[in-house]
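Written out below as structure tokens is the structure these notes cover.
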Amino acid sequence: MADLRFSKSHEWLRVDGGVATIGITKYAADQLGDVVFVELPTAGKKVSAGGEVAVVESVKAASEIYAPVSGEVTEFNAAIKDDPSQVNADPEGQGWFFRMKVAGTGELEKLMTEAQYKDFVKTL
Amino acid sequence: MRYLPLTPDDRRAMLAKIGAHSIDDLFGDVPKSARGARFDLPPHAGEIEVERTLTAFAERNTPAGKMPFFCGAGSYRHHVPATVDHLIQRSEFLTSYTPYQPEIAQGTLQVLFEFQTQIAILTGMEVANASMYDGSTATAEAVLMAHRITGRKRAVLAGSLHPHYADTVRTMAGLASEIASSPVAPPGHAEDLASLIDENTSCVVVQNPDVFGQVRDLKPLADAAHAKGALLIAVVTEAISLGLVTPPGDMGADIVAAEGQSFGNALNFGGPYVGLFAAREKHVRQMPGRLAGETIDADGRRSYVLTLSAREQHIRRERATSNICTNSGLCALAFSIHVSLLGEAGLTRLAKLNHAKAIALADRLTSIKGVKLSTPAFFNEFTLELPRPAFAIVDALVDRGINPGVRASRLYPREPKLANHLIVAATELTTDACIDAYFKALKETA
Amino acid sequence: MLNTQGRPTKPERAEPSTAPATISGDRGLDHEEGLIFEIGRTDVTGVDLPDIALNSDRLGGLRRKSIGLPGLSEPETMRHYVRLSQRNASIDASLYPLGSCTMKHNPRLNEKMARLPGFADIHPLQPRKTVQGALELIAELSRWLMTLTGMPAVAMSPKAGAHGELCGLFAIRAAIAARGETRHRILVPESAHGTNPATAALSGFTTENVKANAQGCVDLASLKEKLGPDVAALMLTNPNTCGLFERDMIEIADAVHAAGAYFYCDGANFNAIVGRVKPGDLGIDAMHINLHKTFSTPHGGGGPGAGPVVFSALLAPHAPLPRMVHDNSGLRFIEEMADAEDAGLTPFGRMCAFHGQVGMFVRALTYMLSHGADGLKQVAEDSVLNANYILASLSDVMSAPYEGPCMHEALFDDEFLKDTGLTTLDFAKALIDEGFHPMTVYFPLVVHGAMLIEPTETESKATLDKFIAVMRALATEAKSGNAGHFKNAPTLAPRRRLDETLAARKPILRWKPQ
């Protein structure tokens, strides 16, 4: 059963059997505007929760993406490197950024559920 | 005052609209201790008086055109066609701003797109930016870019890189770099840079033609750098050399930082000049400075716009590729117009002329006993070794009405082995009479 | 660091153009102009130069075989560039109220003086006895800058404002090191121009933001809380980027100095106080001056600029090369570190080759001599008066985040556009069709949909009245629900809105042969 979580810096992650898929939320994608470029981590990169792991650029903005949990990157989404518009078209599906092996479940508990994230966005 | 359109009536009416009693009300936030400042400065003056004052300053200088003139070393005296200086004074070029509203700045944007293309072609590289301040700061920015690309921080600088450029790199890139400089070899001699390149080296910075005028094949050095995973940064201070000498891009350079002053821009006692910056396309996102790109408008018409701005300071702030904001727009325009006016046919002729004049000058001067040519391969600048210290000879020549070149010791004050060397430049403006006069004067004083 | 002010970067479903089609594609005085690579040829040139044989050369075997650059005859060159120029807005042609840029009139006397052979035709490394006039001019301009700012020293070599900021921070770094300390942090207001944090990073510091108070100025308590033994400097713009004078300047300076830090002032907005207030009286340690803003050297489509930096007595010893000195033979520059050390000087290094933007120095000094002390004071007063006139005339139909009075620029936000579906960008594009260059938009970042209007002192009341009338009418129209007019704008410029997304996703940065 996949577990869907959200961070305060607008990343989502979907965990399935110890592997997390991570991307940015629709809110973040809308705020950025048309995404033109993404810098993604390569397989093997070890990250700790809160560490910078990727960069997303739009025409008028650039934003760091932070790892919501600790672990090791297993793959990145080559499709959005070739066609960054996927991040705007389907940010919470096909526009995923990278996958990683998750170290443990403790950090997951600290992230927001979908309902909590929706409430959080309303305050912004 | 002629530049201030508001009349006293205007000011009264405007203060009334604002609801202020006097202009002082609008400066109410200035701390009391800072009010009522007095300035020991003269009152305003009309054009006649201002012109008189400025002309007096100007007349206490000897323009290069007033005597046989042979100074180079990073700044070169070339002819600027009348068309160039006329066009850059058009209101729409002179008094426009950075093209942030592209719909009403297609003039500037198309010029920048053409300029970028010209630089790429001239340097033999794939992509170029819309100019930096000058060649020296472009070189420092190139070093920082190499660090970003390689993830390393050691920069190797050739001893024959213009000392002002090397000092600029040390200042602007010094904090982010470990800088290793090779000692300066006697002019014209090979420098051993390859042995300074290791696995921590991000770039090797070499000037070609170098500060002494020596022209070299950079390919072996490029190969040595690449073998260790480092980049070759080629620096060019005399852009006209790109019309006759194999360009750095064809010799394996990864980044080219150059000074564009030779095209379209007068000497101006050192500035404003124009920095040229070119690189490989795969590194474009690491490039500093503005970039003009092609796109279409709402009607599908080809248009130009500043692009890839997310690298720059106004968006990336502390993570920007550079802090640069202003570029050298008008100087870049002058460069571009001059190059368009010349074209390949004209540039080839211009470059050949420069080289031929330098050959004639070198041969004539080295026919004097005791005067030796240090740099066997050169474009329009070469170095002579004189029989005694250049300091005294230059002084004597200036007294005889010749401006004979730049003493190497001016640029390298702590290198006794360079005390007798003189860096000499010739251009298309060098006449046979000039060469004769130099020969005669040097024969007497050498 | 998300962009919280997202706006479309490609034309939204714009209506097709209603302008009549022409046979040529040109429209009256506006011409479609190809690239030189399309209209020129490699065998054509507009310069008559002798074609010499050069059968043998001294190029060490490195003779270039071909180049690939097109040329044009002189008439074609003239036409190409004149046509391109006609597609540009300029301050000569209309009000250009770009906040923070100081688009003032560029006097042509400046251009005439800069082109005197005695200035234009001198080489930076000519023997010093042949350039005493140039050195005297640099010294005289230095004197004006120090007098106007009330500071004892100035570094003339930085090539632009951002370069000046770097110079200032390097001097601060050197001064701190000379005290035997290391400090890593620079404090910067949230409203700062992007060059400030970028410069801090380049000079080896981390940046921390200081909050603004409700009046749009630096929150003194927040500043004091952040000051500490690890802070090297505060970088502040005064008047600030919201167009307001930082009224707590002296308390700020005192707090900064008490913490052992330095006070760097970004002088981009000096136009508001030049000739009236000495920044030195406000406790600053260094300030760059944008000669291309306050002192009218032309913007030239993006440059060149010049950014000399004034220094306090504490920072002066660390000012960069070259240093001007006076000896029995006159003026000269100390150009090399070794010579500086021999003279007992401690410059931190060299910012660039040669001596600085001397061509711009001639222009700036010409401007200063023309204005004099009384003229410069009037510049500051009229620039502030003009901005306040605009603020007072538009506050009822637009929304100003800070109550007036302002200094030389008036700040509005997009609050007045809420519920219209229109953005600051849409409003700005509609101004283009009205014959004005838009104001600065989306800066400073601390205000939503910022519109920063700086008319400068060289605009007449009649121009301001016309601008105000147009702005009022546009504001009214925006609120009346006619969104299409704005979304479609501009329609009368040589181009309509551009697809900036395409430009960034598929960068084409040069022409390529087919």
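The values are calculated or read from the model by the stated rules, or taken from the named source; none is laboratory data. Since the structure is predicted, the reported quantities are computational estimates derived from the model, not experimental observations. Methodologically, a virtual Cβ is constructed for each residue, glycine included, from the backbone with ideal geometry; neighbour enumeration extends over all protein chains shown.
Tabulated data for the structure shown
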{"read-out": "Condition broken by B:HIS421, with the remaining ones in (1) more than 29 Å from the chain's Cα centre (by Cα); (2) under 18 Å from B:LYS372 (Cβ atoms) satisfied", "value": "(1)"}
{"read-out": "Filter result (closer than 24 Å to A:LYS46 by Cα and not in a loop (DSSP other than H, G, I, E, B)) within the stretch A:88-107", "value": "A:PHE98, A:ARG99, A:MET100, A:LYS101, A:VAL102, A:GLY106, A:GLU107"}
{"read-out": "Tally, over the stretch B:157-178, of residues that are surrounded by fewer than 22 Cβ atoms within 10 Å (Cβ to Cβ) and over 22 Å from the mean Cα position of the chain (by Cα)", "value": "3"}
{"read-out": "Single unsatisfied condition, C:PRO438 versus (1) assigned to a loop (DSSP other than H, G, I, E, B); (2) in contact with a Lys or Arg (Cβ under 8 Å, 6 or more places away or on another chain); (3) more than 9 Å from chain B (Cβ to nearest Cβ)", "value": "(3)"}
{"read-out": "Which listed residue is in contact with a Gly (Cβ under 9 Å, 6 or more places away or on another chain), assigned by TED's automatic domain parsing to the domain that holds C:GLY280 and not hydrophobic (A, V, I, L, M, F, W, C), from C:GLY307, C:GLY330", "value": "C:GLY307"}
{"read-out": "Enumeration of residues in the stretch C:88-106 that are of a type outside the set (Ser, Thr, Tyr), in contact with an Asp or Glu (Cβ under 9 Å, 6 or more places away or on another chain) and within 7 Å of chain B (Cβ to nearest Cβ)", "value": "C:ASN88, C:ALA89, C:ASP92, C:ALA93, C:LEU98, C:CYS101, C:MET103, C:HIS105, C:ASN106"}
{"read-out": "Positions within the stretch C:263-315 being polar (S, T, N, Q), farther than 22 Å from C:ALA114 by Cβ and crowded, with 24+ Cβ neighbours inside 10 Å, in sequence order", "value": "C:ASN269"}
{"read-out": "Options B:MET14, B:MET1; residue that is surrounded by fewer than 20 Cβ atoms within 10 Å (Cβ to Cβ), among the aliphatic types (A, V, I, L, M) and within 7 Å of chain C (Cβ to nearest Cβ)", "value": "B:MET1"}
{"read-out": "Hits in the stretch A:57-69 - residues which are outside any strand (DSSP E or B) and more than 13 Å from the chain's Cα centre (by Cα)", "value": "A:VAL59, A:LYS60, A:ALA61"}
{"read-out": "Sole exception among (1) of a type in the set (Lys, Arg); (2) part of a helix (DSSP H, G or I); (3) within 30 Å of C:GLY283 (Cβ to Cβ) for B:ARG38, by number", "value": "(2)"}
{"read-out": "The lone exception for C:VAL446 - which of (1) in contact with a Leu (Cβ under 7 Å, 6 or more places away or on another chain); (2) at pLDDT below 95 it fails", "value": "(1)"}
{"read-out": "Filtered residues of the stretch B:411-430 (kept if touching a residue at least 40 places away in the same chain (Cβ under 8 Å) and outside any strand (DSSP E or B))", "value": "B:LEU411, B:TYR412, B:GLU415, B:LYS417, B:LEU418, B:ALA426, B:THR427, B:GLU428, B:LEU429, B:THR430"}
{"read-out": "The one condition in (1) buried (at least 22 other Cβ atoms within 10 Å of the Cβ); (2) assigned to a loop (DSSP other than H, G, I, E, B); (3) at the interface with chain B (Cβ under 10 Å from one of its Cβ atoms) that C:LEU385 fails to fulfil", "value": "(2)"}
{"read-out": "Among (1) facing chain C (nearest Cβ under 7 Å); (2) part of a helix (DSSP H, G or I); (3) within 28 Å of C:THR102 (Cα to Cα) - the single one B:VAL84 does not satisfy", "value": "(1)"}
{"read-out": "Checking B:THR427 against (1) closer than 18 Å to B:VAL236 by Cβ; (2) crowded, with 24+ Cβ neighbours inside 10 Å, the condition it does not meet", "value": "(2)"}
{"read-out": "Pair list, Cβ under 9 Å, 6 or more apart: the stretch C:75-100 residue within 30 Å of C:GLY449 (Cβ to Cβ), other residue assigned to a helix (DSSP H, G or I) and among the charged types (D, E, K, R)", "value": "C:ARG87/B:GLU92; C:ASN88/B:GLU92; C:ALA89/B:GLU92; C:SER90/B:GLU92; C:ASP92/B:GLU92; C:ALA93/B:GLU92; C:LEU95/C:LYS466"}
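Here is a yes/no grid of residues against (1) among the charged types (D, E, K, R); (2) under 34 Å from the mean Cα position of the chain (by Cα):
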| site | (1), (2) |
| --- | --- |
| C:GLY61 | no, no |
| C:ARG64 | yes, no |
| C:GLY68 | no, no |
| C:GLN86 | no, yes |
| C:LEU98 | no, yes |
| C:THR130 | no, yes |
